[in-house]
Amino acid sequence: MRLGRIASPDGVAFVSIEGEGEARTAREIAEHPFGTPTFTGRSWPLADVRLLAPILASKVICIGKNYAAHAAEMGGEAPEEPVIFLKPNTSIVGPGAPIVLPPSSNEVHFEGELAVVIGRPCKDVPAAKALDVVLGYTVANDVSARDHQRQDGQWTRAKGHDTFCPLGPWIETTLDASDVEISTEVGGEVKQRSRTSLLLHDIPKIIEWVSAVMTLLPGDVILTGTPEGVGPIVAGDTVNVTVEGIGTLSNPVVAKG
Ligand code: MG
């Protein structure tokens, strides 16, 4: 199932997105998308509504340097155990929403990533049972102000600006995410292309590691790390991150007005 969230003239709703291409429709889910959703009976052509970020997260947990080639391009070795950090949920925006460049940074980078969406409250989840707590997968851009990252020695400011966590276009609940292509394109040029099979710490290991630290709630999002090829974005660019089997997350880049 493809789960999304939309704004329509009738309000904001979770939906199941059905069909392909121009014929896609958004079928309204009653209340929330966890467990087995029930439907209200209302639906809209997808072209008539606006896709929002597909989930409301209490937190976004990110894995740093989880592809060897990206760790190398950042000038470091890949850490033996996962390194985690948080993005505030206020950094989340949906597909098509602008990434707003903060005036305090001169070096904002894209980071295309596969995102895991948690489906139920959990703590201390063993890797062998980790996929049981996954609602599905979506596409993310871990937008990062590199100059802030260097200046601060930790990443809260660099990664935490409003609009620095585009998510979408929807959550694919039936994907086997263990070996899918991930790519990022800016200005029509492919900047990143890799496969999730190259994750140093795979999704079950990541869920075990993170849930050993903090309780995960339904809707929480884990960004699994970016492959090599990160680079700058400037006002006027559009960033397209594509994960095979999910879709493309597209966001324009604008200067703060
Ligand atoms: Mg990242």
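The values are calculated or read from the model by the stated rules, or taken from the named source; none is laboratory data. Computed from a prediction, not measured in an experiment: that's the story for all the values here. Counting neighbours? That spans all protein chains shown, and the Cβs are built from the backbone with ideal geometry, glycine included. The protein model used for the area step is the full one, side chains on, heavy atoms only, and it has no ligands, DNA or RNA in it. Shrake-Rupley method; radii C 1.70, N 1.55, O 1.52, S 1.80 Å.
Overall shape of the range 101-142 was characterised from the C-alpha gyration tensor. The equivalent ellipsoid obtained from it has semi-axes of 32, 11, 9 Å, in decreasing order. Stretching V213 away from V234 to a fully extended chain increases their span by 3.9 nm, per 0.36 nm per residue minus the current alpha-carbon distance.
Cross-link partners of K191 among lysines, defined as those whose alpha carbon lies under 19 angstrom from its own and excluding same-chain residues fewer than eight positions apart: K65.
By definition, a body whose alpha carbon gyration tensor gives a ≥ b ≥ c is oblate when a/c is 1.5 or more and a/b is not larger than b/c, and the chain fits this oblate description.
Measuring only protein heavy atoms, the 1.4 Å probe finds K256 accessible over about 130 Å². Shown here is the pair-distance distribution of the range 169-257: with all Cα-Cα distances grouped in 5 Å bins from zero up to the longest one, the shares run 3, 12, 19, 21, 18, 14, 9, 4, 0 percent. First compute the accessible area of the chain with a 1.4 Å probe, then give the percent of it belonging to carbon and sulfur atoms. Ligands and nucleic acids excluded, carbon and sulfur give 52 percent. Only aspartates and glutamates eight or more places from K205 in sequence, or on another chain, were considered; those with a Cα closer than 14 Å are E80, E81, D124, D132. Value of Rg to Rh for the range 1-96, rounded to two decimals, is 1.14; Kirkwood radius and Rg both from alpha-carbon coordinates.
Evaluated at q = 0.17, 0.26, 0.27, 0.30 Å⁻¹, a Debye calculation over the C-alpha positions of the range 27-69 (equal weights, vacuum) places log10 I(q)/I(0) at -0.70, -1.06, -1.10, -1.17.
Modelled label positions at E20 and I84, each set 7 Å beyond Cα in the direction of Cβ, lie 3.8 nm from each other. Computed from label points 7 Å out along Cα-Cβ, the spacing between R42 and S58 is 2.8 nm. To the nearest 500 deg cm²/dmol, what mean residue ellipticity at 222 nm is calculated for the chain from DSSP H runs of n ≥ 4 alone, each contributing -39,500 (n - 2.57), summed and divided by the residues? About -2500 deg cm²/dmol. Between R195 and D132, the simple spin-label model (points 7 angstrom out along Cα→Cβ) gives 3.0 nm. Residues in the range 122-223 average 40 Å² of solvent-accessible surface per residue, probe 1.4 Å, ligands and nucleic acids excluded. Residues considered: E81, E185, E20. Largest GNM mean-square fluctuation over the chain, using C-alpha springs under 10 Å, is found at E20.
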